[in-house]
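For reference, the structure is listed below as structure tokens.
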Amino acid sequence: QRQLVESGGGLVQPGGSLRLSCAASGSVFSVYPMGWYRQAPGKERELVARIVSGSSPSYGDLVKGRFTISRDNAKNTVYLQMNSLKPEDTGVYYCNLYVGGINYWGKGTQVTVSS
């Protein structure tokens, strides 16, 4: 059974950086799309970044130029480097794995950007 475990969230000041990690368990990790989504209080979950092996990563408009997604297939891990953080980046960040029409989600990690 596939499981996703996020880590790396926390409290950071505006302009700061954080690096999120998502460790995946299960088979054939490298061929499936993975991504990060976030949900702020009172808002819908939105795409942050998505990566598919062999293709360029895609990003939500609000994070382009500030966030970078990457993956280490040998470690079954996907990362999200977040720079120049803003208060509006605050929310719960969820890791996503898409396999055969099924979305798998982690439990999420809280990111709070505040002075």
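The values are calculated or read from the model by the stated rules, or taken from the named source; none is laboratory data. It should be emphasised that the depicted structure is a prediction, and the values quoted were computed from it without experimental measurement. Methodologically, a virtual Cβ is constructed for each residue, glycine included, from the backbone with ideal geometry; neighbour enumeration extends over all protein chains shown. In case anyone asks, the SASA skips ligands and DNA or RNA and just uses the protein heavy atoms, side chains included. Shrake-Rupley method; radii C 1.70, N 1.55, O 1.52, S 1.80 Å.
Observations on the model:
- Summed residue charge, Cβ within 14 Å of residue 76's Cβ, Lys/Arg positive, Asp/Glu negative: +1
- Simple point charges give the picture: +1 on the Cβ of Lys and Arg, -1 on the Cβ of Asp and Glu, and for the chain a dipole about the Cα centre of about 120 debye.
- Added length on full extension, which subtracts the Cα-Cα distance from 0.36 nm per residue, residue 30 to residue 56: 7.9 nm
- The residues packed around residue 85, meaning those with a beta-carbon under 15 Å from its beta-carbon, carry a net charge of +3 if Lys and Arg are +1 and Asp and Glu are -1.
- With q set to 0.16, 0.23, 0.31, 0.32 Å⁻¹, the log10 of I(q)/I(0) for segment 1-54, from the Debye formula over equal scatterers at the Cα positions, is -0.65, -1.12, -1.29, -1.29.
- Calculated accessible area for the chain comes out at 54 Å² per residue, all protein chains present (probe 1.4 Å; ligands, DNA, RNA ignored).
- Top positive-direction residue, dipole computed over the chain with Cβ charges, set 83, 101, 65: 101
- For segment 25-115, the ratio of Cα radius of gyration to the globular rule of thumb 2.2 N^0.38 Å stands at 1.08.
- Residue 16 long-range amide H proximity, modeled H, under 5 Å: 85
- For the listed peptides 88-96, 52-60, a ranking on the average number of other beta carbons within 10 Å per residue, highest first, reads 88-96, 52-60.
- Sparsely packed loop sites in segment 1-44 (the trypsin sites (Lys or Arg not before Pro) outside DSSP H, G, I, E and B with at most 15 other Cβ atoms within 10 Å) comprise 2, 43.
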